[in-house]
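The values are calculated or read from the model by the stated rules, or taken from the named source; none is laboratory data. Owing to the predicted nature of the structure, the values given are computational and were not obtained by experimental measurement. All Cβ positions, glycine included, derive from the backbone under ideal geometry; neighbour counts span all protein chains shown. Heavy atoms of the whole protein, side chains included, go into the accessibility calculation; ligands, DNA and RNA do not. Shrake-Rupley method; radii C 1.70, N 1.55, O 1.52, S 1.80 Å.
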Amino acid sequence: MLREMKTFNLGWLLFAAVLLISALPFSQASRSKQHKVKTGVFRSPQFVLGPGSVANKLFSNIDFPRGHIALKSFDAAVVDESGNPIPLYDTYLHHWLVLKFYVRKGLENQDISKLNNSDYISGRNSGICQDGALDQFFGLGSETRRTKTRIPDPYGIEIGNPTKIPSGFVETWGLNVHAIDTRGVEDRTGCTECRCNLYNVTKEEDGTPLSPNYDGGLSCCYDGTKCRLKDGFIGIERNLYLQYTVKWIDMNSLIVPVNIYIFDVSDTWKKSRNSTGINSEHNCQVEYQVESCRATGSANDKCIDAKSVSLEMPFGGYLVYGVAHQHAGGTGSALYGKDGRSLCSSIPIYGTGEEAGNENGYIVGMSTCYPKPGTKKISKGETLILESNYSSIKQHTGVMGLFYILVAETLA
């Protein structure tokens, strides 16, 4: 009798569970089936670095997931031929950028930099910088190993939509990798900050003379330059790669697409009566220089260089994800909405050891924001305030104050 009662009760429990599942809304019951995450691990073409040398490469038509899909994350790290991670104090990863291009059919395997302008179209993000500046879909620097790039469900970055690919073109992906080999250099910090005197550079890559006030930055550590080594140092060249892990799901009606916006604290945009906030009105400088508080006579207890800019959001939506990008010396960045409400704060994580991902003194991660859905709404035309803070105890050259956000036009 007791066994029969147990069987009877178990049967009712199973029946009730089936009823409960069948009563769930379709979107909840089917979401787990629809959202099967796929993972791919890829490597860039090799780049060769010797002590003090610089590689700033744009690789065309890289290995990348294809089809109409939604990207969920993109993580990367510099490795050697055996897949061993390379620490920042040996090879400093200044930045990597993932870029989308539409290339004329039949030319997709060609070097994008050698194509005629009529043979490719930039498939840039949603803004807000001018075309050709900060166009990437993903991008980080030294902080790459410990910065979360996961896009929460049910959101994703939609790519490969055949209705959005121009006729006669195919969607391809490019990868820009900028790395500096600091083995045996005279001044590691100076090399990673691209100080012009250490690179013996007085002209930009195209031959344009540098401004006398330009002490360091991207214009002094372009591809093929070399930072000053200690006397007598000899080291071998190494074949390196950017190894990247991409996660994605097949696009379906349950996924809510997000738009990518990147803000730059050095943007010189100014609101005018006829402003629309569109890309063409902006002039993102990408980098700037932090002067020593002692040199400027503004020394105080904290010696913090606080830079800010007001920017108008051309489109509205709900904040899904946010993260800042800063260089060594950075103390944090924040994005504020109308009336000063906080949208996202992102703080650097500094390493304390020797292993890759925890290199002492380097920014090895940035904190990220994952707001509760619907709690951070940005209105079309709203004026946002971006702040970027750096220690100004000493001068820093070529620093950046970028903020990357994902915005969904509608809620899930």
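Kindly check whether there is at least one residue in the range 171-194 that is under 17 Å from E287 (Cα atoms) and surrounded by fewer than 13 Cβ atoms within 10 Å (Cβ to Cβ). No, that holds for no residue. When each of I304, I262 is tested for being at pLDDT 80 or above and surrounded by 17 or more Cβ atoms within 10 Å (Cβ to Cβ), the lone residue that passes is I262. Exactly one residue out of I165, I157, I151 is in contact (Cβ under 8 Å) with a residue 12 or more places away in the chain, among the β-branched types (V, I, T) and surrounded by fewer than 20 Cβ atoms within 10 Å (Cβ to Cβ): that is I165.
Scan the range 92-102 and tell me whether some residue there is touching a helix residue (DSSP H, G or I) at 6+ places or on another chain (Cβ under 9 Å) and of a type in the set (K, R). Looking through the range 92-102, none of the residues is touching a helix residue (DSSP H, G or I) at 6+ places or on another chain (Cβ under 9 Å) and of a type in the set (K, R). Residues in the range 356-377 that are of a type in the set (S, T, N, Q) and open to solvent by less than 50 Å² (accessible area, probe 1.4 Å): 3 in all.
Only one of the listed residues (H35, H94) is open to solvent by less than 80 Å² (accessible area, probe 1.4 Å) and at pLDDT 95 or above. That residue is H94.
Scanning the range 383-408 for residues that are assigned to a strand (DSSP E or B) and polar (S, T, N, Q) yields T383, S388, N389, S391, T397. When K380 is tested against (1) in contact with a Phe, Trp or Tyr (Cβ under 6 Å, 6 or more places away or on another chain); (2) crowded, with 22+ Cβ neighbours inside 10 Å; (3) not in a strand (DSSP E or B), just one condition goes unmet, and that condition is (2). Checked against the criterion of being farther than 30 Å from S266 by Cα, in a strand (DSSP E or B) and open to solvent by less than 50 Å² (accessible area, probe 1.4 Å), the candidates V54, V48, V79 yield just one match: V79.
From the list R150, R183, R188, R146, the one residue that fits, being in contact with an Asp or Glu (Cβ under 8 Å, 6 or more places away or on another chain) and not hydrophobic (A, V, I, L, M, F, W, C), is R183. For the residues G207, G235, G217, G224, the requirement of being more than 25 Å from the chain's Cα centre (by Cα) and either touching a residue at least 60 places away in the same chain (Cβ under 8 Å) or open to solvent by 60 Å² or more (accessible area, probe 1.4 Å) (or both) singles out G235. Evaluate the range 63-76: report whether one residue or more is in a loop (DSSP other than H, G, I, E, B), within 17 Å of the chain's Cα centre (by Cα) and touching a residue at least 40 places away in the same chain (Cβ under 8 Å). Scanning the range 63-76 turns up at least one residue that is in a loop (DSSP other than H, G, I, E, B), within 17 Å of the chain's Cα centre (by Cα) and touching a residue at least 40 places away in the same chain (Cβ under 8 Å).
Within the range 242-255, residues that are open to solvent by less than 10 Å² (accessible area, probe 1.4 Å) sit with their Cβ atoms under 7 Å from residues that are at pLDDT 95 or above and among the acidic types (D, E), at 6+ positions apart or across chains, in these pairs: Y244/D75. Scanning the range 307-331 for residues that are modelled with pLDDT under 95 and open to solvent by less than 70 Å² (accessible area, probe 1.4 Å) returns S310, L311, E312, M313, P314, G316. When residues of the range 124-148 are filtered for being open to solvent by less than 10 Å² (accessible area, probe 1.4 Å) and among the basic types (K, R), how many remain? Selection size over the range 124-148: 0. Within the range 318-356, being hydrophobic (A, V, I, L, M, F, W, C) and in contact with a Pro (Cβ under 9 Å, 6 or more places away or on another chain) holds for L319, V320, A324, A328, L343, C344, A356. When the range 101-112 is filtered for residues that are open to solvent by 20 Å² or more (accessible area, probe 1.4 Å) and either closer than 30 Å to A328 by Cβ or assigned to a strand (DSSP E or B) (or both), the ones remaining, listed by number, are F101, Y102, R104.
Screening the range 335-355 for residues that are in contact (Cβ under 8 Å) with a residue 60 or more places away in the chain and open to solvent by 40 Å² or more (accessible area, probe 1.4 Å) and picking the one that is farthest from the chain's Cα centre (by Cα) gives E354.
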